[in-house]
Amino acid sequence: MEEKLLSIKNNAISLILETKSVKELEEIKIQFLGRNGEITKLLKELPKISKEERPKIGSIANGLKNIIEEAISTRETTLKKTKVITSRSFDVTEPGIRPALGHLHPVTQAIREITSIFTQIGFTRVRYPEIEWDWYAFTALNFPQNHPARDDWETFFIKQQPDEKKGTVLLTPHTSSGQIREMEKGELPIKMLNIAKTYRRQSDVSHTPMFHQFEGLVVGENIAISDLKGTLNYFVKSYFGENRISRIRPYHFQFTEPSFEIDISCGVCLGKGCRLCKEGWLELGGAGMVHPNVLKACHIDPEKYTGFAFGWGVERVLMMKDGIKIDDLRILYSNDLDFLKQF
Ligand code: DAH
């Protein structure tokens, strides 16, 4: 009997030392100390042993049970410690995981690029309110009271008591409102670049209800159409590339006289005419010489000062840039990472 106990002990200890996981150790524990385990069975057989031998065998068996229990708990501590060490150690030669790096939204990138182009020739970047009074967005810009842009279906109006002098409250539909805010400061000459969010009731492949415009305004003595033309060409070449040219076409805006639409030569066919542009030109946006009524509304003497202005869509110039193919403008604001990551 004593021999049997000794061989159980040796067997148990070597099995315990060989275990590689807590789970394996758990199985060994059941094998020896579980309800039908080898030690438990032995203890159950004690009554069958002669009275003389019983106390001695009993104490050996109990001692054995303690030894095995202790061996198991020591092994358990070792296994747990080893596990921690393994998970902490790492292979220094293994290629690392690059942390995900974000970048600026393509529209923010475009705004920064446009700002940098204009500040290089002396323009100052300004920002004016998105929530605006009628006076700044329409009246001071020479819009008649019945102009369609004042319709509910064109502009977002805010339910608020109109101001006695400045009229209704609205979300500015264009950055031209910034022209009035700049001129009413009474500091001449002016060379401002107002880039801001603008709002209109429209949503389709080439329109979003919120979009951005950049508005240039230059007011001073002897400012002529040739200054406008030179500024335009400089911007077109800096933003779109040396091989692109601009042209001005007669148009109508309330706040400029004369008014123009600016076109740039198509980047695909370089002005020859193709499927995208039809006749070699793409529409960039509006511009013109500041209307005398607008200068007067801002207390500037139109006999002494003249100016030019232009206002174009940030998203629009971004879409017209070489190599950028966005066939639905709304994707810019859909938070689609697969799309945004390409910029
Ligand atoms: N505000 C006009 C629009 O949103 C664009 C515009 C046209 C701005 C002519 C100008 C300008 O400064 O001179 O359609």
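Bear in mind these aren't lab numbers, they're just calculated from the coordinates by the rules spelled out. Please read all numbers here as calculations on a predicted model, not as lab measurements. As a convention, Cβ positions derive from the backbone with ideal geometry for all residues, glycine included, and neighbour counts pool all protein chains shown.
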Helical contribution to [θ] at 222 nm, DSSP H n ≥ 4, -39,500 (n - 2.57), averaged over the chain, rounded to 500: -11500 deg cm²/dmol
Top of 178, 273, 96 by mean-square fluctuation, Gaussian network on the chain, Cα under 10 Å: 96
Scattering curve values for the range 106-340, log₁₀ I(q)/I(0), Debye with Cα scatterers, q = 0.08, 0.12, 0.13 Å⁻¹: -0.30, -0.68, -0.80
Relative exposure of 153, 133, judged by other C-beta atoms within 10 Å (fewest first): 153, 133
For the range 223-290, size of Cβ-based charge dipole, Lys and Arg +1, Asp and Glu -1, in debye: 280 debye
Non-local Lys pairs in the range 138-249, i.e. 8 or more apart or on different chains, that have alpha carbons under 21 Å apart: 7
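For 251, 136, what ranking results if the residue with the fewest other Cβ atoms within 10 Å of its Cβ goes first?
With the sparsest Cβ surroundings first, the list reads 251, 136.
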Radius of gyration, Dmax [the range 14-113; alpha carbons; angstrom]: 28.2, 101
Net charge of neighbours whose Cβ lies under 11 Å from the Cβ of residue 154, counting Lys and Arg as +1 and Asp and Glu as -1: +1
Dipole-positive endmost among 22, 119, 71 within the range 17-175 (Cβ charges, Cα centre): 71
Neighbour cut-off at most 15 other Cβ (10 Å), DSSP loop, trypsin sites (Lys or Arg not before Pro), the range 49-83: 51
The range 135-218: GluC sites (Glu not before Pro) falling in loop per DSSP and having at most 16 other Cβ within 10 Å: 154, 164, 184, 187
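Calculate the dipole size of the chain relative to its Cα centre from +1 charges on Lys and Arg beta carbons and -1 charges on Asp and Glu beta carbons; express the result in debye to the nearest 20.
1440 debye
Report the charge-dipole magnitude of the range 2-87 in Debye, nearest 20, computed about the Cα centre from +1 at each Lys and Arg Cβ and -1 at each Asp and Glu Cβ.
220 debye
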Ranking of 92, 314 by count of other Cβ atoms within 10 Å, fewest first: 92, 314
Under 18 Å from the Cα of residue 80 - aspartates and glutamates, other chains or at least 8 residues apart: 18, 24, 26, 27, 69, 70
Alpha carbon centroid spacing (whole Å) that separates the range 161-207 from the range 229-287: 24 Å
